[in-house]
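This report concerns only the one structure given below.
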Amino acid sequence: MKVKICGITTTGIASQVAVLKPDYMGFVFTKSKRQIDPLGAARIIESLQAEPCGSSVQYVGVFGCTSEQELSDVLKQVPLHAVQFHLPEDVTWIPTVRERYGVDIWVTVPIAQSVEHLSSDGAISEKLQAGALAKVNHIKHAISGLLLDTHDPVHGGGSGKSFRWELIPLIAEQIREMDVPLYAAGGLTADNVASLLQYPVDGVDVSSGVETKGVKDIEKVKQFIERVRSHDQSSTNLSIS
Ligand SMILES: O=C(O)c1ccccc1NCC(=O)[C@H](O)[C@H](O)COP(=O)(O)O
């Protein structure tokens with residue numbers, strides 16, 4: 001199970017998080033209380049790469065609904081492994097970014113909390129198919145990850161709120177043929193991540209839930225990663241017993 005710790009803003013916390021060996025660290029370049037500028041992120045990555053654990057982590061740049069220009073500007077300055085963003089109307093330029101910069105493309109699929117108003121899971125499924133998933137399907141070969149995240153009407157992420165996880169199997173079924181890893185985010189904490197892991201996901205992503213008063217709390221990060229790793233361990237034990 002992959003783990004991404006998102007919203008890294010300082011070298012100090014990055015260095016402590018790297019020791020805990022998450023698979024990914026996220027840098028938020030879009031407007032957010034966790035926003036970092038490209039130079040700041042490049043400095044953090046440079047200092048981590050000089051540390052033993054820094055080279056095993058992959059760095060993900062987080063954007064809102066972005067453009068080819070914005071991604072290029074950041075990718076010229078920051079050695080990212082992946083970029084994560086909401087799909088814009090025109091998606092035709094996205095495969096070019098992947099090829100030009102050698103980065104993985106992760107697409108955020110926002111799940112509105114207000115989906116409750118839709119009459120049934122079938123209606124929700126249809127809405128997703130007509131929206132984000134239809135666009136994803138056009139460029140599926142260029143996509144390395146789909147991140148289901150709670151829709152945040154203000155910033156587009158980092159809401160600290162969960163969506164209805166019962167929708168995950170429905171979405172997993174819809175994207176099965178795309179063969180793209182599915183990650184889940186939104187309101188995760190060390191206390192609830194084990195429940196989320198009962199759903200068919202390949203990875204989890206957290207930001208607010210490993211913070212105290214808006215600052216990353218290394219004890220919470222540690223607990224979060226430990227819970228995910230212990231779930232991995234119990235799944236392995238089950239499959240060999
Ligand atoms: O984290 C942010 O502040 C943020 C702001 C704007 C767009 C995306 C953002 N984060 C993206 C992430 O990948 C977060 O980890 C994800 O939204 C989960 O956040 P949280 O609910 O706070 O755990």
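Can you name every residue in region 23-45 that is touching a helix residue (DSSP H, G or I) at 6+ places or on another chain (Cβ under 6 Å) and touching a residue at least 40 places away in the same chain (Cβ under 8 Å)?
Phe27, Phe29, Pro38
Answer yes or no: is there a residue in region 130-137 that is buried (at least 19 other Cβ atoms within 10 Å of the Cβ) and in contact (Cβ under 8 Å) with a residue 60 or more places away in the chain.
No, there is no match, as no residue in region 130-137 is buried (at least 19 other Cβ atoms within 10 Å of the Cβ) and in contact (Cβ under 8 Å) with a residue 60 or more places away in the chain.
In this structure, is Leu39 in a loop (DSSP other than H, G, I, E, B), under 30 Å from Glu219 (Cβ atoms) and open to solvent by 10 Å² or more (accessible area, probe 1.4 Å)?
No; evaluated as a whole, the condition is false for this residue.
Hey, among the residues in region 46-85 that are open to solvent by 30 Å² or more (accessible area, probe 1.4 Å) and part of a strand (DSSP E or B), which one's nearest to Val28 (Cα to Cα)?
Top of the filtered list is Cys65.
Would you check if Gln58 is within 13 Å of the ligand (Cβ to nearest atom) and of a type outside the set (Ser, Thr, Tyr)? Working first, answer last.
Working: within 13 Å of the ligand (Cβ to nearest atom): no; of a type outside the set (Ser, Thr, Tyr): yes.
For Gln58, the condition - within 13 Å of the ligand (Cβ to nearest atom) and of a type outside the set (Ser, Thr, Tyr) - is not met.
Of the residues Val17, Val3, Val91, only one is among the aliphatic types (A, V, I, L, M), assigned to a loop (DSSP other than H, G, I, E, B) and either at negative phi or open to solvent by less than 10 Å² (accessible area, probe 1.4 Å) (or both); which? Walk me through how you get there before you give the answer.
On the way: Val17 fails: assigned to a loop (DSSP other than H, G, I, E, B); Val3 fails: assigned to a loop (DSSP other than H, G, I, E, B).
Of Val17, Val3, Val91, the one residue that is among the aliphatic types (A, V, I, L, M), assigned to a loop (DSSP other than H, G, I, E, B) and either at negative phi or open to solvent by less than 10 Å² (accessible area, probe 1.4 Å) (or both) is Val91.
Only one of Asp23, Asp37 is closer than 21 Å to Val228 by Cβ and within 16 Å of the ligand (Cβ to nearest atom). Can you tell me which? Show your work before the answer.
Working: Asp37 fails: closer than 21 Å to Val228 by Cβ.
After ruling out the rest, the residue left standing is Asp23.
Could you list all residues from region 165-216 that are of a type in the set (A, V, I, L, M, F, W, C) and at pLDDT below 95? Outline the logic, then answer.
Let us first name the residues in region 165-216 that are of a type in the set (A, V, I, L, M, F, W, C), namely 165, 167-168, 170-172, 175, 178, 180, 182, 184-185, 188, 190, 193-194, 196-197, 201, 204, 206, 210, 215.
Answer for region 165-216, where residues must be of a type in the set (A, V, I, L, M, F, W, C) and at pLDDT below 95: Trp165, Leu167, Ile168, Leu170, Ile171, Ala172, Ile175, Met178, Val180.
Quick check on region 171-196: of everything there that is under 16 Å from Val136 (Cα atoms) and in contact with a Ser or Thr (Cβ under 9 Å, 6 or more places away or on another chain), which residue is surrounded by the most Cβ atoms within 10 Å (Cβ to Cβ)?
Pass one, region 171-196, residues under 16 Å from Val136 (Cα atoms): 171-183.
Within this subset, residues satisfying the condition of being in contact with a Ser or Thr (Cβ under 9 Å, 6 or more places away or on another chain) are 171, 173-174, 180-181.
Details: Ile171: 24, Glu173: 11, Gln174: 15, Val180: 19, Pro181: 17.
Ranking the qualifying residues of region 171-196, first place goes to Ile171.
List, please: which pairs have Cβ atoms under 8 Å, are six or more places apart or on different chains, and start with a residue in region 169-181 that is more than 17 Å from Val204 (Cβ to Cβ) and end with one that is modelled with pLDDT of 90 or more and among the charged types (D, E, K, R)?
Pairs found: Met178/Lys140.
For region 169-202, give me the residue count where each residue is farther than 17 Å from Val3 by Cβ and not charged (D, E, K, R). Walk me through how you get there before you give the answer.
Step one: of region 169-202, the residues farther than 17 Å from Val3 by Cβ are 169-180.
Filter once more, keeping what is not charged (D, E, K, R): 169-172, 174-175, 178, 180.
Adding up the residues that qualify gives 8.
Does Lys161 meet the test of being at pLDDT 90 or above, in a helix (DSSP H, G or I) and among the charged types (D, E, K, R)?
Working: at pLDDT 90 or above: yes; in a helix (DSSP H, G or I): no; among the charged types (D, E, K, R): yes.
Answer is no for this residue.
Is region 224-234 home to any residue that is out of contact with any helix residue (DSSP H, G or I) (no Cβ under 7 Å at 6 or more places or on another chain), open to solvent by 50 Å² or more (accessible area, probe 1.4 Å), at pLDDT 95 or above and part of a helix (DSSP H, G or I)? Lay out the reasoning, then the answer.
Of the residues in region 224-234, the ones out of contact with any helix residue (DSSP H, G or I) (no Cβ under 7 Å at 6 or more places or on another chain) are 225-226, 229-230, 232-234.
Cutting the leftovers down to open to solvent by 50 Å² or more (accessible area, probe 1.4 Å) gives us 226, 229-230, 233-234.
Imposing the further condition that a residue be at pLDDT 95 or above reduces the set to 226, 229.
So of that shortlist, the ones also part of a helix (DSSP H, G or I) come out as 226, 229.
Scanning region 224-234 turns up at least one residue that is out of contact with any helix residue (DSSP H, G or I) (no Cβ under 7 Å at 6 or more places or on another chain), open to solvent by 50 Å² or more (accessible area, probe 1.4 Å), at pLDDT 95 or above and part of a helix (DSSP H, G or I).
Among Ile94, Ile13, which is closer than 18 Å to Ser144 by Cα and in contact (Cβ under 8 Å) with a residue 40 or more places away in the chain? Before you say what the answer is, go through the steps one by one.
Working: Ile13 fails: closer than 18 Å to Ser144 by Cα.
Residue meeting the stated conditions: Ile94.
The values are calculated or read from the model by the stated rules, or taken from the named source; none is laboratory data. Since the model is a prediction, treat every value here as computed from it, not as a measurement. All Cβ positions, glycine included, derive from the backbone under ideal geometry; neighbour counts span all protein chains shown. The accessibility values were calculated without ligands, DNA or RNA, using every heavy atom of the protein model including side chains. Shrake-Rupley method; radii C 1.70, N 1.55, O 1.52, S 1.80 Å.
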